[in-house]
Amino acid sequence: MPNLKSSHSLLPTPHSLTPIPLLGSLVSVVLIAAPVQAQKSLYLAYPPNNHETIANQIFLIGTAPAKGTVLVNGKPISRSPVGHFAPSFPLQVGVNRFVLRYGKQELIVNVNRLSTEPEIPAGFAFAKNSLMPAVDIARLPDEWLCFGAIAPANAKVAVQLAGQTIPLSSPTQKVELPDNAAVLTQKNQPVSRTAAGHYKGCTRTVLLGDLGKPEFQLTVADQTTSQMGSGSIRILSPTQLEVAEVIADNGAARTGPSTDYSRLTPLPKGTQALVTGYEGEWVRLDYGAWINRREVQIQKSTTLPTSLIRSIKAHQVDGWTEVVFPLQVPVPLSIQQGDRTFTLTLYNTTAQTDIIKLDDDPLIERLDWQQTVPGQVQYTFKLKTSQQWGYKLRYEGTSLVLSLRHPPAGTRSQKPGVRSRKGPGAREMGLSPHPISLANITILLDPGHGGPEDSGAVGPTGLQEKTVVLTISKLLREQLTQRGAKVVMTREKDEDVSLQDRIALIHKTQPTLALSLHYNALPDNGDAIRTKGISTFWYQTQAHSLAVFLHNYLVKTLKRPSYGVFWNNLALTRPAVAPTVLVELGFIINPVEYEWIVNPSEQKRLAIALADSITEWLRLSQSL
């Protein structure tokens with residue numbers, strides 16, 4: 001395994017080399033060939049030619065024979081001992097040209113940095129597509145209605161709406177937050193920027209009905225022009241609100257009206273709630289969440305979607321405890337998992353509860369409830385173990401059925417002749433010295449990516465992530481089956497499997513746990529040379545313990561760098577039916593770590609360590 005410390009000296013000053021800016025048309029380029037089978041020539045794996053990015057820098061991932069010098073725009077770059085490279089270079093807005101040379105070979109690649117700053121108009125006009133709201137919106141009476149526009153600095157901007165004039169002002173500074181991915185490059189701090197030319201203003205009204213489109217007025221040097229907004233404004237009547245019914249199996253509830261906003265507990269099919277607002281293709285429900293119009297059916301109703309709740313009963317069914325909450329209407333809900341607690345909140349619900357049937361249960365110690373505020377009932381399950389194993393929610397008619405999964409059957413000693421984990425690594429992690437069997441355990445492995453359209457990240461030689469994760473997944477499957485586990489894989493060859501199909505298989509299989517295996521890369525503004533290590537990602541609280549244990553075990557026993565443990569809203573971490581973790585096993589773009597990733601003996605060690613960590617986590621989690 002290569003010495004990872006050497007990666008710190010591959011390129012001490014990567015930003016000292018400056019690309020040649022091209023603000024005109026793209027120049028001709030030598031096309032980048034297919035991945036090299038051996039290091040006989042200069043090869044650039046990333047970025048592709050004519051790559052577009054909003055990042056302020058770019059890394060060049062590639063390789064060349066170790067002997068000799070690789071030049072980028074006439075200056076030498078540092079490389080790993082075997083010849084791989086990943087230097088970063090600053091980008092100017094516009095087309096940036098990079099010329100790579102090794103001996104007589106030359107590659108040219110152009111990278112186009114796009115500006116994220118809206119253009120402030122110099123003339124007497126509003127900036128294109130800057131008038132806000134850009135879509136139709138509907139709100140309740142006396143809610144804030146906010147407007148925005150980009151116009152020349154030092155102008156006067158106002159909005160005319162339903163006979164009211166709303167002045168818009170321009171602050172001197174604004175604070176911008178980077179996108180969520182910025183935490184992956186340690187660049188997630190707020191940035192203060194000038195707000196000149198950005199105008200905003202808000203108002204409130206009790207007028208009901210369609211107020212029409214706002215008229216934006218711009219005044220500069222006693223000259224005034226106007227432009228109609230593209231989104232119309234409507235004020236809803238509180239006595240004539242419509243009802244939304246969820247028609248998706250799991251409606252994606254969010255904190256705001258776009259996919260930029262965080263997810264809340266999914267709403268089971270059939271859930272009903274009043275509509276208290278609209279914004280473009282999004283609907284606001286009465287308990288505060290937003291949901292896309294495609295996932296609901298809107299209907300007029302003369303009755304409010306509220307419910308009483310009385311008695312509650314629980315019963316056990318094949319490894320699960322089902323708790324039935326009889327309701328008059330399928331109401332919105334939320335879930336919160338805690339330490340030995342599972343909390344269900346029902347909205348638009350009033351309790352008349354006097355009796356609950358709950359026998360002695362493998363998982364539940366008792367059930368407490370309280371009416372926290374008018375129209376909101378909270379049920380808290382006190383659990384016998386700190387580790388939770390999965391839950392499901394569904395409506396049967398108007399009754400809510402909550403299914404809580406029992407702990408799996410305990411691990412036990414293996415039959416003679418089957419491999420056990422011994423040695424220094426086991427002792428360091430406090431592993432059981434006794435052979436452990438995974439009989440009655442089902443583990444789902446998801447080799448990330450796959451197929452011609454989704455190769456994942458790419459290493460310096462062109463090796464694609466989808467290929468190496470499939471290799472690791474098969475090696476891990478072999479280790480787990482030797483321990484008695486049943487292993488289900490989302491793919492066993494290079495084929496396209498959609499995220500939806502992978503998630504569906506998790507729900508169908510209902511494994512004891514699920515792992516999605518990947519190798520990591522970075523956004524364009526990351527440092528591909530200095531960033532390395534293993535990381536794990538979780539979303540549901542029940543998966544946190546598994547994510548932390550796997551991360552710590554792999555880092556310690558394999559002596560690998562740590563990239564960290566992340567809570568992350570990913571498609572393959574969201575399933576709630578089982579603890580589900582996404583594991584990034586290293587950075588395929590890192591020139592030194594790449595050699596560890598592709599080393600066959602290290603791949604076997606990794607598979608063994610993964611199997612050992614899963615086995616030990618299962619043993620420990622059943623004793624908590």
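Observations on the structure shown:
- Considering residues of segment 329-349 that are open to solvent by 70 Å² or more (accessible area, probe 1.4 Å) and either farther than 24 Å from Pro579 by Cβ or in a loop (DSSP other than H, G, I, E, B) (or both) only, the residue modelled with the lowest pLDDT: Asp339
- The conditions of being modelled with pLDDT of 95 or more, hydrophobic (A, V, I, L, M, F, W, C) and open to solvent by less than 30 Å² (accessible area, probe 1.4 Å) are met by Leu572.
- Any hit, segment 615-623, residues being free of Cβ contacts under 8 Å to residues at least 40 places away in the same chain and farther than 18 Å from Gln479 by Cα: yes
- Residue in segment 128-148 that is farther than 30 Å from Ser237 by Cα and in a loop (DSSP other than H, G, I, E, B) present: yes
- Unmet criterion (only one of (1) in contact with a Pro (Cβ under 9 Å, 6 or more places away or on another chain); (2) modelled with pLDDT under 95; (3) over 30 Å from Ile233 (Cβ atoms)) for Val111: (2)
- Of all residues in segment 316-328, those that are open to solvent by 20 Å² or more (accessible area, probe 1.4 Å) and over 19 Å from Gln388 (Cβ atoms) total 3.
- The number of residues in segment 499-512 that are in a loop (DSSP other than H, G, I, E, B) and either open to solvent by less than 40 Å² (accessible area, probe 1.4 Å) or charged (D, E, K, R) (or both) comes to 2.
- The set of residues in segment 115-134 being open to solvent by 60 Å² or more (accessible area, probe 1.4 Å), at pLDDT 85 or above and on the phi < 0 side of the Ramachandran plot consists of Ser115, Thr116, Phe124, Lys128, Met132.
- Residue that is modelled with the highest pLDDT [pool: residues in segment 214-230 that are in a loop (DSSP other than H, G, I, E, B) and surrounded by fewer than 17 Cβ atoms within 10 Å (Cβ to Cβ)]: Ser230
- Selection within segment 385-400: residues that are surrounded by 15 or more Cβ atoms within 10 Å (Cβ to Cβ) and more than 28 Å from the chain's Cα centre (by Cα). The member of this set that is farthest from Pro266 (Cα to Cα) is Thr385.
- Take the conditions (1) open to solvent by 20 Å² or more (accessible area, probe 1.4 Å); (2) of a type outside the set (Asp, Glu); (3) out of contact with any Gly (no Cβ under 7 Å at 6 or more places or on another chain); His449 misses just one of them, which is (3).
- For Ser301: the one exception among (1) without any contact (Cβ under 8 Å) to a residue 40 or more places away in the chain; (2) over 23 Å from Tyr391 (Cβ atoms); (3) touching a Leu at 6+ places or on another chain (Cβ under 9 Å); (4) not acidic (Asp, Glu): (1)
- Residues satisfying the stated conditions in segment 246-255, i.e. within 15 Å of Trp282 (Cα to Cα) and open to solvent by 50 Å² or more (accessible area, probe 1.4 Å): Ile247, Thr255
- Test for Thr271: is it over 24 Å from the mean Cα position of the chain (by Cα) and farther than 18 Å from Ile335 by Cβ: no
- Residue within segment 2-23 that is open to solvent by less than 50 Å² (accessible area, probe 1.4 Å), at pLDDT 95 or above and not in a loop (DSSP other than H, G, I, E, B) present: no
- Test: Arg284 is open to solvent by 30 Å² or more (accessible area, probe 1.4 Å) and closer than 17 Å to Thr349 by Cβ: no
- Being in contact with a Pro (Cβ under 8 Å, 6 or more places away or on another chain), modelled with pLDDT under 95 and of a type in the set (S, T, N, Q) is true of Gln622.
- The set of residues in segment 138-169 that are hydrophobic (A, V, I, L, M, F, W, C) and open to solvent by 50 Å² or more (accessible area, probe 1.4 Å) comprises Trp144, Cys146, Ala153, Ala162.
- Just so you know, in segment 521-565 the residues that are without any contact (Cβ under 8 Å) to a residue 40 or more places away in the chain and in a strand (DSSP E or B) include one that is least open to solvent (accessible area, probe 1.4 Å), and it is Gly564.
- The set of residues in segment 477-496 that are within 15 Å of Pro575 (Cβ to Cβ) and assigned to a loop (DSSP other than H, G, I, E, B) contains only Thr490.
- Scanning segment 596-606 for residues that are surrounded by fewer than 20 Cβ atoms within 10 Å (Cβ to Cβ) and within 14 Å of Pro81 (Cβ to Cβ) returns a single hit, Asn599.
- Exclusive hit being within 22 Å of Ala248 (Cβ to Cβ), more than 32 Å from the chain's Cα centre (by Cα) and open to solvent by less than 90 Å² (accessible area, probe 1.4 Å), set Gln299, Gln352: Gln299
- Every residue from segment 58-107 that is out of contact with any helix residue (DSSP H, G or I) (no Cβ under 7 Å at 6 or more places or on another chain), of a type in the set (S, T, N, Q) and over 11 Å from Pro591 (Cβ atoms): Thr69, Asn73, Gln92, Asn96, Gln105
- Looking only at residues of segment 170-187 that are surrounded by 12 or more Cβ atoms within 10 Å (Cβ to Cβ) and not in a loop (DSSP other than H, G, I, E, B), we find that the one that is farthest from the chain's Cα centre (by Cα) is Lys174.
- Just one of (1) in contact with an Asp or Glu (Cβ under 6 Å, 6 or more places away or on another chain); (2) open to solvent by 30 Å² or more (accessible area, probe 1.4 Å); (3) not in a strand (DSSP E or B) fails for Ala55. It is (2).
- Of all residues in segment 231-241, those satisfying the criterion of being open to solvent by 50 Å² or more (accessible area, probe 1.4 Å) and part of a loop (DSSP other than H, G, I, E, B) are Pro238, Thr239, Gln240.
- Neighbours by Cβ (under 6 Å, 6+ apart or cross-chain): first from segment 93-122, more than 25 Å from Ile150 (Cβ to Cβ); second part of a strand (DSSP E or B) and of a type in the set (D, E, K, R): Asn110/Arg97
The values are calculated or read from the model by the stated rules, or taken from the named source; none is laboratory data. Keep in mind that this is a model prediction, so the values were computed, not measured. Neighbour counts run over all protein chains shown; Cβ positions are idealised from the backbone, glycine included. Areas reflect the complete protein model, heavy atoms only, side chains present, ligands, DNA and RNA absent. Shrake-Rupley method; radii C 1.70, N 1.55, O 1.52, S 1.80 Å.
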